[in-house]
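S.K.: One structure coming up, written as structure tokens, with questions to follow.
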Amino acid sequence: MELYIDTASLDEIKQAHDMGVLDGVTTNPSLIAKEKVPYAKRLAEICEVVKGPVSAEVIATDYEGMLKEGREHAKIAPNIVIKLPSTLDGLRACKTFSEEGKKTNLTLCFQPMQAMLVAKAGAFLVSPFIGRLDDVSEDGMDLIHRIRTIYDNYGYKTKVLAASIRHPKHMVDCALAGADVATVPFAVIKQLLSHPLTDSGLKKFVEDYRKAFG
Ligand code: G3P
């Protein structure tokens, strides 16, 4: 499974990149708002560090506006993926961009038919939001299973990018469900390496060695 980081923080992106585990980056308007830097500037900085796909979301909600913003984003670097909402206008923009050979990530996907339609419109990635479905007492992971089955049944090439991941169990379940990519906050990436037996085992190895050899 590919691993993307879900952040607009350059520091977090650099740290994850240095761990050697990073395949790409997703950003969104809420994440860039926390950074208080111009979106285009931060995207250019991110693309200097990460050569894999970097998702840049449009703020516009109408077709023409999405085309304008998406084309501006795409000028920043060749690895920019234009992130669009899974709406009627988003689908139209997705079709136009895919005809132009530009990659798209269709976001805010909460039900399987949104995922099927965005695949038909030529999306490179679809982003089902697991955590936000769990938040409203739906089963986010069930959405990943359903999309995987539909895509496999019909051979759709769009990659399933599991988003809104909140904890390591989401990651395990995504990998078991066959998600192609998971996009994960840096705090959760760090949690993936954490186990109390790793910590206590490491402490004991160091103590035993020091007792014997000083
Ligand atoms: O980037 C989209 C998605 O991962 C957002 O996650 O935690 O805001 O629901 P969250």
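S.K.: What are the residues in segment 96-114 that are under 15 Å from Lys157 (Cβ atoms) and more than 16 Å from the ligand (Cβ to nearest atom), if any? Please lay out each step first, then the result.
M.R.: Step one: of segment 96-114, the residues under 15 Å from Lys157 (Cβ atoms) are 98, 101, 103-106.
Once the filter is applied, which keeps residues that are under 15 Å from Lys157 (Cβ atoms) and more than 16 Å from the ligand (Cβ to nearest atom), segment 96-114 yields Ser98, Gly101, Lys103.
S.K.: Next question, about the same structure. Anything in segment 10-28 that is away from the ligand (no atom under 13 Å from the Cβ) and assigned to a loop (DSSP other than H, G, I, E, B)? List them, or say none. Can you show your working first?
M.R.: Within segment 10-28, the first condition is being away from the ligand (no atom under 13 Å from the Cβ), and the residues that meet it are 10-23.
Passing the criteria: Met19, Gly20, Val21, Leu22, Asp23.
S.K.: Since Ile150 meets every condition but one in (1) more than 16 Å from the ligand (Cβ to nearest atom); (2) under 19 Å from Ser55 (Cβ atoms), which condition does it not meet?
M.R.: Against the list (1) more than 16 Å from the ligand (Cβ to nearest atom); (2) under 19 Å from Ser55 (Cβ atoms), Ile150 comes up short only on (2).
S.K.: Which of the residues belonging to segment 11-55 are of a type in the set (A, V, I, L, M), over 18 Å from Gly70 (Cα atoms) and buried (at least 16 other Cβ atoms within 10 Å of the Cβ)?
M.R.: Within segment 11-55, Ile13, Ala16, Leu22, Val50 meet the criteria.
S.K.: Right, here's the next one. With Val136, Val184, Val188, Val126 as the choices, which residue is of a type outside the set (Asp, Glu), within 15 Å of the ligand (Cβ to nearest atom) and touching a Phe, Trp or Tyr at 6+ places or on another chain (Cβ under 8 Å)?
M.R.: Val184
S.K.: Take the residues of segment 153-165 that are within 20 Å of Arg132 (Cβ to Cβ) and either of a type in the set (A, V, I, L, M, F, W, C) or free of Cβ contacts under 8 Å to residues at least 24 places away in the same chain (or both): which is nearest to the ligand (Cβ to nearest atom)?
M.R.: Residue satisfying both the conditions and the ranking: Ala163.
S.K.: Residue by residue through segment 160-214, note down the ones that are among the hydrophobic types (A, V, I, L, M, F, W, C), farther than 15 Å from Met1 by Cα and not in a helix (DSSP H, G or I).
M.R.: Filtering segment 160-214 down to residues among the hydrophobic types (A, V, I, L, M, F, W, C) leaves 160-163, 165, 171-172, 174-177, 179, 181-182, 184, 186-189, 192-193, 197, 202, 205-206, 212-213.
Those still in the list that are farther than 15 Å from Met1 by Cα too: 186-188, 193, 197, 202, 205-206, 212-213.
Answer for segment 160-214, where residues must be among the hydrophobic types (A, V, I, L, M, F, W, C), farther than 15 Å from Met1 by Cα and not in a helix (DSSP H, G or I): just Leu193.
Here, each number is a calculation from the coordinates, and none is a lab measurement. Because the structure is predicted, anything quoted here is derived from the model rather than measured. Please note: Cβ atoms are built from the backbone with ideal geometry, for glycine as well, and neighbour counts cover all protein chains shown.
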